[in-house]
Amino acid sequence: MATLSSDGHYEWANEVKAFDETKAGVKGLVDAGVVKLPKLFVHRPETLNHPSPPCNDTVQLPTIDFTGLESGSGGARRREIVDEIRKASEEWGFFRIVNHGVPLRIMDAMLDGIRRFHEQPQEDKMHLYSSDSKRSVRFNSNVSLGDFDPACWRDLLTCVFRDDTLDPQAIPQVCRKEVQEYSKCMMELRETMAELLSEALGLGRDYLSRMECMKSQALACLYYPVCPEPELTFGTAKHSDTTFLTLLMQDSIGGLQIVHQNQWVDVPPVRGALIANIGDLMQIISNDKFKSVEHRVLAQAVGPRISVACFFMPSGRASSQPFAPIKEILRRQRHNDDGCSTGSVDLFRWAKEVEEFDETKAGVKGLVDSGVVKLPRLFIHPQRNDLNKNAVSLELPTIDFCGLESSVSGGRREIVEEIRKASEEWGFFRIVNHGVPLRVMDAMLDGIRRFHEQPAEAKMHLYSSDSKRKVRFNSNVSLRELDPACWRDLLTCVFQDDTLDPEAIPLVCRKEVQEYAKYMIELRETMAELLSEALGLSSDYLSRIECMKKLTFGTSAHSDTTFLTLLLQDSIGGLQINHQNQWADVPPVRGALIANIGDLM
């Protein structure tokens, strides 16, 4: 690994730059006759874990046979397969699939096509060499320019089918036919997997398909050349997949290992089989029912090894919204925890009440204006322990940004340390002297008050539960869930990639929203730097991965399914957070903002 001396960054960046400029990848090094591993590929001894933690050769990855799956829509064999998938997803997070319907000739042809791509002369593929994640087809070696993380000994051709589409001419001709045929089979198998995983979660068969959470796919076509010093590096370092589901095809050379019960387990290749891997987002929406586990690929002195990983990701439409635990699953777990059965619910009456409320397009304020004195049934929450609104008196950490940009480096280090401590222990903290003018904050609160307090007919055209609308007004009432509604109205403004058509913002608060958004974007950059440093990363890390590039303005117990929330409160309290299994009040402080670590962070 590169030495982190005073000029370590310069040396490291030069090494990576020199490697990238060849546009030949790892295979280019092998073809050049390298016999000693370049420094940027050498991993720290403590991460190599050879031989500890030990590999357990006595356990076998679950294998699920899809034979008989379609013998009858309600057949016993299908129920058996669903149960096997449920068990494997809960206990392993990985399982092998056989008789899945993808023809062996197509699998073999895909592996051959990927071999041809990687083994063609470097001048025939160097025009595709890029680390730009926006390119739908790109070739690289997954080397990070900005970090000191060691590189892995592999090359990678990536083909991204957004919403199942990719211009065929963008795919390299040497493997175009094979990629198109294989991706078509993956799309078909995805529909089957979406149904089975939905049923395994106790949901309707079409649930995941309707969510469009796996409507896009990325084919990662990996080539692991022979490594001169395999004990010093990895083919792929330890990680979990940040998607919903992965289907992996391996050639006959092994090397894949997964973590099971705190031990590394080999996953030997089986001809004609595919490996299914639960991703991080599937674990999130299942509320940890299904597990996303870490895995790696060993570098080897034999090869090349070829594999194709198909990552299933949300559609373009679905990717613009955050993902959270599915409410049906939460409700079922809640009832199980309480020792209750869900019983029968008058779904028709519930839907009718919600429909009647939504049709007014006036929100909760409309109920108040109409003189309601008794809470409508759809707002009544069941009697539960967490409905006890009494809170303990605890003092939320307050972090003063005064002196953050001064030339004295100690001040910044202190602030970073305070953020690290508060994020680890609380997940919430108050920020003062953050750079957002008080006049802008007050104007924003006044503008939002004006929006909500204008006549119902002036805002009802914005009333919608359609998450695709960038500007919408609603009361967060779900038509198809049986969860009680909350007593509040909500104006949501989504700045995708920091942009939103000003004309879409209601005129009554347009100026205030635009000005406040500008300051939030500036403060986000500061927060991204400080949180990166608090995580022990380079200050630009979170900005480079663009994990907070979307800005959304917009209750019962919940956590935020985002990376970071910055909250502005007026002078009336009400916010409570859960700290050490107790509810704690967060009283408003004029001019302060509340920072809240989200699920994705």
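Things to note:
- Just one of the numbered conditions (1) modelled with pLDDT of 95 or more; (2) buried (at least 18 other Cβ atoms within 10 Å of the Cβ); (3) touching a strand residue (DSSP E or B) at 6+ places or on another chain (Cβ under 6 Å) is not true of A170: (2).
- Of all residues in segment 289-332, those being farther than 30 Å from H43 by Cβ, open to solvent by 20 Å² or more (accessible area, probe 1.4 Å) and within 20 Å of the chain's Cα centre (by Cα) number 13.
- Residue within segment 488-495 that is more than 30 Å from N142 (Cβ to Cβ), modelled with pLDDT of 85 or more, in contact with a Pro (Cβ under 8 Å, 6 or more places away or on another chain) and in a strand (DSSP E or B) present: yes
- Residue tally, condition out of contact with any strand residue (DSSP E or B) (no Cβ under 6 Å at 6 or more places or on another chain), modelled with pLDDT of 90 or more, open to solvent by 20 Å² or more (accessible area, probe 1.4 Å) and not acidic (D, E), over segment 121-157: 5
- Residue list for segment 234-279, restricted to those being within 18 Å of R86 (Cα to Cα), at pLDDT 95 or above and not in a strand (DSSP E or B): F244, G279
- Set side by side, the residues T58, T47 differ, and just one is assigned to a helix (DSSP H, G or I), modelled with pLDDT under 95 and within 22 Å of L256 (Cβ to Cβ), which is T47.
- Within the option set E512, E503, being farther than 23 Å from G574 by Cβ, open to solvent by 30 Å² or more (accessible area, probe 1.4 Å) and out of contact with any Ser or Thr (no Cβ under 6 Å at 6 or more places or on another chain) holds for one residue only, E503.
- Residues located in segment 172-211, provided they are out of contact with any Ser or Thr (no Cβ under 7 Å at 6 or more places or on another chain) and of a type in the set (S, T, Y): Y182, S183, T192, S198, S209
- Residue match in segment 100-120 (condition: in contact with a strand residue (DSSP E or B) (Cβ under 9 Å, 6 or more places away or on another chain), part of a strand (DSSP E or B) and at pLDDT 95 or above): no
- Q283 falls short of the stated requirement of being open to solvent by 40 Å² or more (accessible area, probe 1.4 Å) and in a loop (DSSP other than H, G, I, E, B).
The values are calculated or read from the model by the stated rules, or taken from the named source; none is laboratory data. Remember, it's a predicted structure, so these values are computed and weren't measured experimentally. Every residue, glycine as well, gets a Cβ built from its backbone with ideal geometry; the counts of neighbours run over all protein chains shown. Surface areas here come from the heavy atoms of the whole protein model, side chains and all, with no ligands, DNA or RNA. Shrake-Rupley method; radii C 1.70, N 1.55, O 1.52, S 1.80 Å.
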